[in-house]
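Below is one structure, written out as structure tokens; comments come after it.
The values are calculated or read from the model by the stated rules, or taken from the named source; none is laboratory data. The structure displayed is predicted, hence computed values, not measured ones. Cβ atoms come from the backbone with ideal geometry, glycine included; neighbour counts cover every protein chain shown. For accessibility, only protein heavy atoms count, side chains too; no ligands or nucleic acids. Shrake-Rupley method; radii C 1.70, N 1.55, O 1.52, S 1.80 Å.
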Amino acid sequence: MALTLSGPSSVQGQQHIITVLVENHPGVLARVSGLFARRGYNIESLTVSITENPDVSRMTIVVGGDELVLEQITKQLNKLIEVMRVVDYTEFAAVERELALIKVNAEPRDRAEIMQIVEVFRARIIDMGERAFIIEVTGGTDKIDKIRDLLAPHGIREMVRTGVIAMARGSRTA
Amino acid sequence: MSLSGAQVMLECLRREGVAHVFGYPGGSVLPIYDALYDCHDIMHVLVRHEQGAAHMADGYARATGKVGVCLATSGPGATNLVTGIANAYMDSIPMVAITGQVRTTAIGKDAFQEADITGITIPVTKHNFLVKDAADLPRTFAEAFHVARTGRPGPVLVDMPLDVSQQRIEWSGDQYPQKVDMPSYRPTTRGHEVQIKRAAAAIAQAARPVLYVGGGAISSGAQAEVTELAERTNILVTTTLLGKGAISEAHPLCMGMLGMHGTAYANHAVHNCDLLIAIGARFDDRVTGKVDRFAPGARVIHIDIDPAEIGKVRQPEIPIVGDVKTVLQVLLKHVEPRPAGEWNEQIEEWRQRFPLVYPRDGGLYTEAIIEHIGEATEWKAVMATDVGQHQMWAAQYFRTRAPRQWITSGGLGTMGYGLPAAIGAQFARPDERVVCLSGDGSFQMCTQELMTASIYGLPLIVCISNNRSLGMVRQWQEMFYHERYSHVDLEQSPDFVKLAEAYNCIGYRVTTLEEFRAAFSAALEQTNRPVVIDCSVTGAENVFPMIPSGQTVNEMRMHTRLEELRSAPNADPEGWSYDEEDQKLSQIVDAGHGGARKEN
Ligand SMILES: Cc1cc2nc3c(=O)[nH]c(=O)nc-3n(C[C@H](O)[C@H](O)[C@H](O)COP(=O)(O)OP(=O)(O)OC[C@H]3O[C@@H](n4cnc5c(N)ncnc54)[C@H](O)[C@@H]3O)c2cc1C
Ligand SMILES: Cc1ncc(C[n+]2csc(CCOP(=O)(O)OP(=O)(O)O)c2C)c(N)n1
């Protein structure tokens with residue numbers, strides 16, 4: 001299961017990537033997302049998936065706000081009984097990735113240019129229709145924003161992004 | 001032995017020592033009511049509206065420190081509990097609410113009387129459970145009670161589908177967990193020693209310290225420690241609305257309540273202090289007014305069991321996460337005696353200059369009623385209030401001597417709370433005098449519970465401060481909306497005496513203080529019948545002092561006749577004394593009930 005809620009993209013203050021390990025119970029997503037809505041925290045993206053441990057799910061949440069807001073978010077999340085751990089990845093080295101599928105207009109005269117962009121970004125064309133390509137790209141949010149911007153002049157018909165997932169570098173775990 | 005899920009549930013309640021359940025039957029809880037039919041050790045109290053059940057469980061919890069339990073059927077029964085659950089949540093009151101639910105197979109199909117009560121109550125419960133298999137009941141109830149009573153207490157809801165209540169499982173008696181271990185829920189109770197030492201040093205350095213004590217001190221059962229700390233250091237104490245009783249209000253070091261309708265001297269003291277020691281209090285906006293002008297020059301020590309409260313409103317210099325009683329016990333090891341000084345004199349000067357006043361002209365003022373209730377019961381009555389002006393006057397004039405003697409809805413401010421909460425308290429403490437002070441507006445929100453009180457023969461005394469209006473709202477319209485009195489007139493109310501009689505209670509109507517005194521002493525004679533005293537008080541009075549919402553001490557409005565009334569005789573009536581009995585009283589309550597949450 002991977003779920004993305006996409007919130008407003010204008011986030012005040014710094015962006016933080018937090019990872020929330022939760023007990024894998026039904027309804028836990030509602031508790032977490034409801035908390036954000038109720039307390040007025042800004043979610044940029046939220047993804048949930050299973051982990052190496054079947055009893056534990058992992059949420060990665062990109063959230064905006066200053067240090068004080070983030071501290072409240074962390075503390076309020078920790079108060080939810082099913083939340084086991086909250087880690088803020090802004091603090092230390094982590095890899096962050098997002099995957100996007102972008103369906104872009106691909107008229108014959110534009111194809112070469114599009115393929116070049118795809119090449120440069122180490123993206124892939126995973127579907128080639130008569131008038132449109134589906135491009136798959138993974139990377140940090142910046143990279144995806146960038147390829148989106150470059151493809152935009154060709155006309156993006158549809159875009160879907162998984163939202164960010166993150167993992168600490170080295171042997172450290174959440 | 002094979003038992004139904006409903007019977008297992010009762011076994012669970014037994015293990016938790018539950019003596020009373022406040023509830024109302026319906027389709028999805030029929031198996032539970034069938035099990036209750038044979039149950040003689042847990043008393044089920046049949047209410048008249050589920051909101052009443054939740055408030056009773058809440059009042060019961062506040063009066064004892066034990067977890068209050070209420071029970072309702074699915075759908076409308078469950079949704080009727082919500083106000084009461086939210087009320088308990090806002091004030092951190094331990095409660096377990098049990099609701100029926102449609103069969104597991106029908107959930108999500110808009111079945112008859114289906115309501116997603118776990119979904120609805122996520123924002124107003126500490127946690128909730130939907131039980132899908134009767135075999136999970138023992139663990140679920142053990143966790144529900146554990147979560148409700150430990151850490152920062154709060155309501156927990158357990159939703160029981162009909163088929164789970166019917167399901168038969170093998171019960172040996174030892175399925176109930178001896179100990180609850182929830183890896184993702186481990187409240188911190190012992191404060192950080194280093195921070196506690198820093199707190200002691202800050203206290204030693206402070207020239208103008210104030211103790212600001214809240215509901216956390218009550219839930220922690222820490223009256224003895226709070227009093228000891230105040231006495232040893234001669235630091236004056238102010239309490240929040242929910243902290244009343246954390247130190248006897250007859251104690252010379254107690255300044256009464258602070259905040260919007262707090263005493264002027266408490267507010268001046270907090271505004272001018274250089275060290276604010278917040279103990280189990282959460283910097284509510286009714287207390288702080290404009291946050292950045294609240295205790296502007298103070299260093300802050302904040303003791304709270306909930307880490308999220310620390311820095312939520314005000315960033316403390318010395319945060320201490322832990323249980324009030326436990327932390328204060330350690331703190332007291334490090335705190336040196338400190339003589340009373342100029343600061344105490346300054347506060348005393350404020351106390352003389354800005355006393356609480358009302359016209360003691362023999363008129364029937366709510367303040368006079370409250371003082372009489374106190375005096376006539378030697379300040380021993382358990383006082384439950386409703387919400388509004390009468391509540392604020394009670395906060396000012398009812399000098400709470402012991403913890404758990406004062407029962408009021410603070411955070412949600414729920415009109416209709418008073419009567420059912422008083423009923424819950426009376427079940428919890430049958431040998432004590434419970435008085436409910438209500439308003440003519442609030443009383444009409446849960447009046448039906450008079451029937452509950454009368455059927456169970458509770459000697460409750462309900463005093464209605466009848467000002468023929470929604471006084472608190474009227475006050476705001478007078479002060480902030482140019483006297484445009486919009487829909488606050490209650491001139492048309494039922495005859496409360498007849499209403500009382502219709503519920504088989506005794507009813508009196510009084511129009512003078514003398515009549516009130518007579519009626520109240522007659523009421524005190526009652527041992528098994530509720531009495532309602534409809535007090536036709538002087539209308540259109542306002543509660544002072546008042547710091548208008550979001551403002552500061554500088555904008556505090558004093559009683560318009562302060563100068564004249566301050567010099568009136570009796571400004572400090574008899575009965576305002578702190579004696580050994582006060583200390584004994586509080587210790588009994590602490591040992592008997594308040595300690596209930598300490599076992600974790
Ligand atoms: C009409 C009206 C007017 C009001 N006016 C005022 C007013 O003038 N003044 C006023 O004070 N209030 C007033 N209130 C009440 C106000 O809204 C708040 O409910 C109240 O101030 C909160 O009290 P508290 O800070 O003690 O917190 P509570 O709500 O009692 O919270 C308790 C705090 O203690 C913590 N805690 C709990 N258990 C423990 C433990 N064992 N150890 C450590 N910490 C613990 C909790 O985490 C929480 O932070 C008014 C309410 C109404 C309805
Ligand atoms: C359930 C609910 N509805 C509305 C309010 C808003 N409110 C706060 S005080 C008040 C008036 C209370 O009137 P009454 O009970 O007569 O008490 P008084 O202020 O006159 O003493 C109202 C309507 C509330 N607190 N609770």
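Looking at the range A:19-45, which residues lose a minimum of 10 Å² of accessible area between their chain alone and all protein chains in place, measuring with a 1.4 Å probe and not counting ligands or nucleic acids? Residues losing area: A:Glu23, A:Pro26, A:Ala30, A:Arg31, A:Arg38, A:Arg39.
Cα axis of helix A:111-120 to longest principal axis of chain A: angle in degrees, 0 to 90, nearest 10? Its long axis makes an angle of about 40 degrees.
Roughly how large, in nm² to one decimal, is the mean projection of the convex hull of the alpha-carbon atoms in chain A? Approximately 11.1 nm², given one-decimal rounding. For an R0 of 22 angstrom, estimate the FRET efficiency from the Cβ-Cβ distance between B:Glu555 and B:Glu345 and round to the nearest 0.05. Calculated transfer efficiency: 0.25. Note on the range B:193-352: Lys pairs 8 or more places apart or on different chains, Cα atoms under 20 Å apart, count 5.
Viscosity 1.002 mPa s, temperature 20 °C: what is the translational diffusion coefficient of the protein assembly as shown from Stokes-Einstein with a Kirkwood Rh over Cα pairs, rounded to a whole number of µm²/s?
Calculated translational D: 75 µm²/s.
Can you tell me the order of B:153-159, B:56-62, B:346-352 when each peptide is scored by its average per-residue count of other Cβ atoms within 10 angstrom, highest first? Intermediate results must be reported in sequence, preceding the final value.
Working: B:153-159: 27.7, B:56-62: 32.6, B:346-352: 16.3.
Highest to lowest by the protection proxy: B:56-62, B:153-159, B:346-352.
Which cross-chain or sequence-distant (5 or more) residues have an amide H under 5 Å from the amide H of A:Arg85, H modelled 1.01 Å from N in plane? Correct list: A:Leu21.
In order along the range B:171-179, phi translates into HN-Hα couplings of 10, 9, x, 9, 6, 6, x, 5, 9 Hz, rounded to whole numbers, per the Karplus curve 6.51 cos²θ - 1.76 cosθ + 1.60 with θ = phi - 60° and x for Gly and Pro. Sorting B:Glu345, B:Glu515 on solvent-accessible area from highest to lowest, probe radius 1.4 Å, gives B:Glu345, B:Glu515. Backbone geometry of the range B:391-405 corresponds, through the Karplus equation with coefficients 6.51, -1.76 and 1.60 at θ = phi - 60°, to 3J(HN,Hα) couplings of 5, 5, 5, 5, 4, 7, 9, 8, 7, 4, 9, 9, x, 6, 9 Hz, x marking Gly and Pro.
Each residue was assigned an accessible area with a 1.4 Å probe, and for B:Asp41 the value is about 90 Å². Pairing chains B and A buries close to 1300 square angstrom of accessible surface in total, based on protein heavy atoms and a 1.4 angstrom probe.
If you take the beta carbon distance between B:Asp361 and B:Thr188 as r and set R0 to 45 Å, what does 1/(1 + (r/R0)^6) give as a FRET efficiency, to the nearest 0.05? If you can, show how the numbers build up before the last one.
Values: r = 53 Å, r/R0 = 1.18.
Efficiency for this residue pair is about 0.25.
Run the numbers for B:Thr512 and B:Thr538: contour at 0.36 nm per residue of separation, minus the present Cα-Cα distance, in nm. Could the numbers behind the result be given before it?
Details: separation 26, 0.36 × 26 = 9.36 nm, distance 0.95 nm.
Full-extension gain reported as 8.4 nm.
Between the range B:474-535 and the range B:417-455, what is the separation of their alpha carbon centroids in Å? Between the Cα centre of the range B:474-535 and that of the range B:417-455, the gap is 14 Å.
So what's the back-of-envelope 222 nm ellipticity for the protein assembly as shown, counting only DSSP H runs of four-plus at -39500 (n - 2.57) apiece and dividing by all residues, rounded to 500? Kindly include the intermediate steps, with their values, before the conclusion.
Numbers: 27 runs with 269 residues, N = 774.
One gets -10000 deg cm²/dmol as the mean residue ellipticity at 222 nm.
How would B:His44, B:His487 line up by accessible area, probe 1.4 Å, largest first? Walk me through the numbers on the way to the answer.
Numbers: B:His44 40, B:His487 170 Å².
Output order, biggest surface exposure first: B:His487, B:His44.
Full extension of the segment from B:Ala135 to B:Gln205, taken as 0.36 nm per residue of separation minus the current Cα-Cα distance, would add 19.4 nm. Taking label points 7 Å from Cα along the Cα-to-Cβ direction, B:Met1 and B:Ser493 give a separation of 5.1 nm. The angle separating the long axis of helix A:67-79 from the principal Cα axis of greatest extent in chain A is about 70 degrees.
Computing FRET efficiency as 1/(1 + (r/R0)^6) for B:Gln315 and B:Asp38, where r is the C-beta to C-beta distance and R0 is 45 Å, gives about 0.20.
Measuring with a 1.4 angstrom probe and ignoring ligands and nucleic acids, B:Trp476 comes out at about 70 Å² accessible. For the protein assembly as shown, the solvent-accessible area of protein heavy atoms averages 41 Å² per residue (probe radius 1.4 Å; ligands and nucleic acids excluded). In a simple Cβ point-charge model (Lys, Arg +1; Asp, Glu -1; nothing else charged), chain B has a dipole of about 1120 debye relative to its Cα centre.
Is the shape of the range A:95-166 rounded, prolate or oblate, going by the alpha carbon gyration tensor and its root eigenvalues a ≥ b ≥ c, with a/c under 1.5 for rounded and a/b larger than b/c for prolate?
The shape class here is prolate.
Shown in residue order for the range B:198-214 are the 3J(HN,Hα) couplings computed by the Karplus curve 6.51 cos²θ - 1.76 cosθ + 1.60 at θ = phi - 60°: 4, 4, 4, 5, 4, 5, 5, 7, 5, 9, 9, x, 9, 9, 10, 10, x Hz (x for Gly and Pro). The mean number of Cβ atoms from other chains found within 10 Å of a Cβ in peptide A:71-79 is 4, as a whole number. Projecting the Cα atoms of B:Ile303, B:Gly214, B:Gly289 onto the charge dipole of the range B:193-352 (Cβ charges, centred on the Cα centre) puts B:Gly289 farthest toward the positive pole.
What is the sum of charges, Lys and Arg at +1 and Asp and Glu at -1, for the other residues whose Cβ falls under 15 Å from the Cβ of B:Ser165? That works out to -4.
Which three numbers, in whole Å and largest first, are the semi-axes of the equivalent ellipsoid of chain B derived from its Cα gyration tensor as √(5λ)?
Values: eigenvalues 302, 189, 85 Å².
Square roots of five times the eigenvalues give 39, 31, 21 Å.
Share of the protein assembly as shown's accessible area from carbon and sulfur, percent, 1.4 Å? Don't skip to the end; give the middle numbers.
Working: 15960 of 31430 Å².
That fraction is 51 percent.
Between 0 and 90 degrees, the angle of helix B:471-480 with respect to the longest Cα principal axis of chain B falls at about 50 degrees. Take B:Tyr33: with every protein chain present and a 1.4 Å probe, its accessible area is about 40 Å².
Return the percentage of antiparallel bridges among DSSP beta bridges fully within chain B, rounded to the nearest 5 %. All intermediate terms of the calculation are to be shown ahead of the outcome.
Values: 5 of 68 bridges.
Counting DSSP beta bridges with both partners in chain B, the antiparallel share is about 5 percent.
Where nothing but the Cβ of Lys and Arg (+1) and of Asp and Glu (-1) is charged, how large is the charge dipole of the protein assembly as shown around its Cα centre, in debye to the nearest 20? Don't jump to the answer; show the numbers that get you there.
Values: 74 positive and 93 negative charges, 293 e Å.
The dipole of the protein assembly as shown has a size of about 1400 debye.
Less than 5 angstrom separates the built amide H of A:Asn24 from those of A:Val56, A:Ser57, all sequence-distant by 5 or more or on a different chain. With point charges of +1 on the Cβ of Lys and Arg and -1 on the Cβ of Asp and Glu, referenced to the Cα centre of the protein assembly as shown, which listed residue (B:Val45, B:Ile277, A:Tyr41) lies farthest in the positive direction of the dipole? Result: A:Tyr41.
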